[in-house]
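Written below as structure tokens is the structure these notes are about.
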Amino acid sequence: MLGRNHHLKEDIRDYWSKRSETFDLAFGHRIPPGPELNAWVSAITTSLGDKPLKILELACGTGEVTNVLLSLGHDVTALDFSEVMLTVARRKHRKRQRVRFILADAERTMRTMEPDAAYDAVVCRHLVWTLTEPEQALSDWHRVLKPGGKLLIFDGDWAKPTFVGRFASLSIGLIDRIAGIDPHYDGAMSDRHQSIMERLPFGDGLTAEKLAPLLEAAGFEGVEVASHRPIAAAQRRTADLRNRLRTLLYRRFILSCSRPG
Ligand SMILES: C[S@@+](CC[C@H](N)C(=O)[O-])C[C@H]1O[C@@H](n2cnc3c(N)ncnc32)[C@H](O)[C@@H]1O
């Protein structure tokens, strides 16, 4: 049976599938070795500790966060509902051990038979803002976590630029006019992006404050919010001016919480 969000989900899948081959070229998606990778390692270790865990990574896309998790020695099941995104991720990690890629809907992992209480941690970057059924998804993630397991979310409010971000956006527009538009940046498909945003539950912006009560209602406890600034600062160390400005556009957050033990 098709869910009530079938068309919206198909549009989201199609949007990301079309971006799969160039996704890593758009600033902020790839996590290059050096300061940025180190900042991600630090953010993930702060939340999950440094012992090898069994992790479910939701919406792995081209496998950039997968790379960070594998480099930390974790055992990773990485899922995405876009076959072409998975093709890129599989190609990138074809020589790696301890990783399994599966085609699955992150909001309903029971459909691909992910067992109850199977994972030490569930991790996702830039998925929650695009959920079509957030309550359903959160209760599913609670289900697959072992008691005491952790949910770690990297996301942001992509609907409204910050105060500083508005000036950054104007400056980026100016650079675009002088240097030409960056064809790989998210704005390149902005009409489709906008049409999807308008139909999403978090279409008017995702914040940790909005998410916390939904997590508690799904049975999670110990919600903690950490700053994304160290990652943005690391990105600025190697980025050009336009991309340095992009790190200032939106308010991002790192949120963790646990399934009670
Ligand atoms: C912004 S990309 C992020 C990719 C990756 N997490 C990263 O940060 O590099 C969003 C990804 O979420 C996937 N996605 C969106 N909704 C999904 C869902 N319901 N189930 C599985 N994957 C989903 C898309 O196919 C796409 O690969």
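The values are calculated or read from the model by the stated rules, or taken from the named source; none is laboratory data. Small disclaimer: the values here were computed from a predicted structure and weren't measured. Neighbour counts run over all protein chains shown; Cβ positions are idealised from the backbone, glycine included. What goes into the accessible areas is simple: the full protein's heavy atoms, side chains included, and nothing from ligands, DNA or RNA. Shrake-Rupley method; radii C 1.70, N 1.55, O 1.52, S 1.80 Å.
Holding the Cα-Cα limit at 29 Å, pick out from LYS54/LYS160; LYS9/LYS150; LYS51/LYS160; LYS18/LYS54; LYS146/LYS210; LYS18/LYS51 the pairs that are longer than that.
Working: LYS54/LYS160 35 Å; LYS9/LYS150 26 Å; LYS51/LYS160 37 Å; LYS18/LYS54 31 Å; LYS146/LYS210 25 Å; LYS18/LYS51 37 Å.
Checking Cα-Cα distances, LYS54/LYS160; LYS51/LYS160; LYS18/LYS54; LYS18/LYS51 exceed 29 Å.
Calculate, for ASP204 and ASP176, the FRET efficiency according to 1/(1 + (r/R0)^6) with r their C-beta to C-beta distance and R0 30 Å; round to the nearest 0.05.
Using R0 = 30 Å, I get an efficiency of 0.70.
Going by Cα centres, region 5-82 and region 118-139 are how many Å apart?
The two parts, judged by their Cα centres, are 13 Å apart.
About its Cα centre, how strong a charge dipole does region 177-261 have in debye, to the nearest 20, once Lys and Arg get +1 and Asp and Glu get -1 at the Cβ?
Values: 13 positive and 10 negative charges, 94 e Å.
About 460 debye.
Quickly work out the SER227-to-THR46 label distance, labels modelled 7 Å from Cα along the C-beta direction, and quote it in nm with one decimal.
Label-label distance for THR46 and SER227, simple model: 0.8 nm.
Can you tell me how region 1-127 classifies by the Cα gyration tensor, rounded, prolate or oblate, using a/c under 1.5 as the rounded cut?
Details: a/c = 1.90, a/b = 1.26, b/c = 1.50.
Oblate, since a/c reaches 1.5 and b/c is not below a/b.
Report the charge-dipole magnitude of the chain in Debye, nearest 20, computed about the Cα centre from +1 at each Lys and Arg Cβ and -1 at each Asp and Glu Cβ. Mind showing how you got there, number by number?
Working: 37 positive and 33 negative charges, 160 e Å.
The dipole of the chain has a size of about 760 debye.
With every protein chain kept in place and ligands, DNA and RNA left out, what is the accessible area per residue of the chain? Probe 1.4 Å, answer in Å².
Numbers: 12550 Å² over 261 residues.
Heavy-atom SASA per residue in the chain reads 48 Å².
If you build a Gaussian network model of the chain, linking Cα atoms that sit under 10 Å apart, which residue out of ALA179, ALA168, ALA106 swings the most?
ALA179
Heads up, I need the accessible area for ASP176: 1.4 angstrom probe, whole protein in place, Å², nearest 10.
Near enough 40 Å² of accessible area.
With axes computed from alpha carbons, what is the tilt in degrees of helix 35-48 against the longest principal axis of the chain, rounded to the nearest 10 within 0 to 90?
So the helix axis and the longest Cα principal axis differ by about 30 degrees.
Could you look at the chain and say what percent of its accessible area is carbon and sulfur, using a 1.4 Å probe and all protein chains? Let's see the in-between values first.
Values: 6930 of 12550 Å².
C and S atoms contribute 55 percent here.
Give the shape of region 165-261 as rounded, prolate or oblate, defined through the alpha-carbon gyration tensor: a ≥ b ≥ c are the square roots of its eigenvalues, a/c under 1.5 means rounded, and otherwise the shape is prolate if a/b is larger than b/c and oblate if not. Please report the intermediate quantities before stating the final value.
Working: a/c = 3.28, a/b = 1.72, b/c = 1.91.
Oblate, since a/c reaches 1.5 and b/c is not below a/b.
Where does each of ILE181, ILE196, ILE175 land when they are ordered by accessible area, with a 1.4 Å probe and the largest first?
Working: ILE181 130, ILE196 10, ILE175 40 Å².
So, going from the largest accessible area down, we get ILE181, ILE175, ILE196.
Ordered by residue, what ³J(HN,Hα) values in Hz, to whole numbers, does region 69-75 give under the Karplus form 6.51 cos²θ - 1.76 cosθ + 1.60, where θ = phi - 60° and Gly and Pro are x?
Computed from phi, the couplings for region 69-75 are 5, 5, 5, 8, x, 7, 9 Hz.
Ignoring everything except DSSP H segments at least 4 long, calculate the 222 nm mean residue ellipticity for the chain; use -39,500 (n - 2.57) per segment, divide by total residues, nearest 500.
-12500 deg cm²/dmol
Report the trypsin sites (Lys or Arg not before Pro) located in region 57-122 that are in a DSSP loop and have at most 15 other Cβ atoms inside 10 Å of their Cβ, or state none. The partial results should precede the final answer.
Working: sites: ARG90, ARG91, LYS92, ARG94, LYS95, ARG96, ARG98, ARG100, ARG108, ARG111; in loops: ARG94, LYS95, ARG96, ARG98, ARG108.
Of the trypsin sites (Lys or Arg not before Pro), the ones in loops of region 57-122 whose Cβ has at most 15 other Cβ atoms within 10 Å are ARG94, LYS95, ARG96, ARG98, ARG108.
Stretched out fully, how many nm does the piece from GLU10 to LEU214 gain, at 0.36 nm a residue minus the Cα gap? Don't skip to the end; give the middle numbers.
Values: separation 204, 0.36 × 204 = 73.44 nm, distance 2.47 nm.
Using 0.36 nm per residue and subtracting the Cα-Cα distance, I get 71.0 nm.
Assuming R0 = 25 Å, what is the FRET efficiency of GLN97 and ARG237, from their Cβ-Cβ distance, to the nearest 0.05?
0.20
Once you have the Kirkwood Rh of region 2-258 from its Cα pairs, apply Stokes-Einstein at 4 °C and 1.567 mPa s and quote D in µm²/s. Don't skip to the end; give the middle numbers.
On the way: Rh = 18.7 Å.
Using the Kirkwood radius from Cα pairs, D works out to 69 µm²/s.
Separation between the ASP75 and MET110 pseudo-spin-labels, each 7 Å from Cα along Cα→Cβ, expressed in nm?
For the pair ASP75/MET110, the computed spacing is 2.5 nm.
Specify the residue with the greatest mean-square fluctuation among THR45, THR66, THR109, computed from a Gaussian network of the chain linking alpha-carbon atoms under 10 Å apart.
THR45
Would you mind counting up the charge near PHE101? Only other residues with Cβ under 15 Å from its Cβ, with Lys and Arg at +1 and Asp and Glu at -1.
Numbers: positive: ARG90, ARG91, LYS92, ARG94, LYS95, ARG96, ARG98, ARG100; negative: GLU57, GLU64, ASP75, ASP80, GLU83, ASP105, GLU114.
Combined, the nearby Lys, Arg, Asp and Glu give +1.
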